[in-house]
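The values are calculated or read from the model by the stated rules, or taken from the named source; none is laboratory data. This structure is a prediction, so every number in the text was calculated from the model and none was measured. Cβ sites come from the backbone with ideal geometry, for glycine too, and all protein chains shown count toward neighbours.
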Amino acid sequence: MDDLTILRDLVLAPYILKATALIGVHRKVGGNQFRHSFATLGILLDYKYFYDPILLKASLLHDLLEDLGADLNEIRNIDSDGPAVVKLVQEVTRNEDIETKIEYLDRLQYSSRNAKILKCADRISNLTDLHLDTHTDKKISEYLDQTEQYIIPLAIEVNKNFEKELLDLIAKRRTLCECEN
């Protein structure tokens, strides 16, 4: 199948509707988590991940469990991809009750290929939204350090172009905030 056929036949509407719950979840940088989900989906499309509907559907819901919780059975029952979408969303979700941020980032090193791809796209979106008027230099520096230590290895493994974009974003953010490594 060609890209046009794949995209034409992709059914995202039920996942978009589920993701609208994130409209009420505001981001520190402004906007809301719903737009961030679409940005993450857009990054995956930009990198031509047309052939993986589970990855694309999960991108729309990747923050749903962390931000709002969700009825997993509702997601599982959306369509035949639902169970796999839930599994992927759970894989990229940090359970704050049982793991620290570093434990979560460590765990991602052993996650599935799709979880690594989704996390890279998520981090690209987050770095794009990282602004000096909403985060301190210290916070930005820590986030960039985490990206270098934990996300760059994922990118190297799954998509060298992710690595290039992440390194570019890191360099630009370090220059802007003068927070050298």
Quick one: how many residues across segment 6-37 are under 25 Å from TYR51 (Cβ atoms), at pLDDT below 85 and not β-branched (Val, Ile, Thr)?
4
How many residues are under 18 Å from ASP67 (Cα atoms) and over 16 Å from the mean Cα position of the chain (by Cα) when one looks only at segment 80-122?
5
Farther than 17 Å from THR128 by Cα, touching a residue at least 24 places away in the same chain (Cβ under 8 Å) and not polar (S, T, N, Q): does that describe PRO83?
no
Somewhere in segment 106-113, is a residue in contact with a Leu (Cβ under 8 Å, 6 or more places away or on another chain) and aromatic (Phe, Trp, Tyr)?
no
Mind listing whichever residues of segment 92-114 are surrounded by fewer than 11 Cβ atoms within 10 Å (Cβ to Cβ) and farther than 12 Å from TYR150 by Cα?
GLU96, ASP97, ILE98, THR100
Before we move on, is ASP46 surrounded by fewer than 16 Cβ atoms within 10 Å (Cβ to Cβ), over 17 Å from the mean Cα position of the chain (by Cα) and at negative phi?
no
Set LEU56, LEU65: member being crowded, with 16+ Cβ neighbours inside 10 Å, within 24 Å of ASN95 (Cα to Cα) and either modelled with pLDDT of 90 or more or over 18 Å from the mean Cα position of the chain (by Cα) (or both)
LEU56
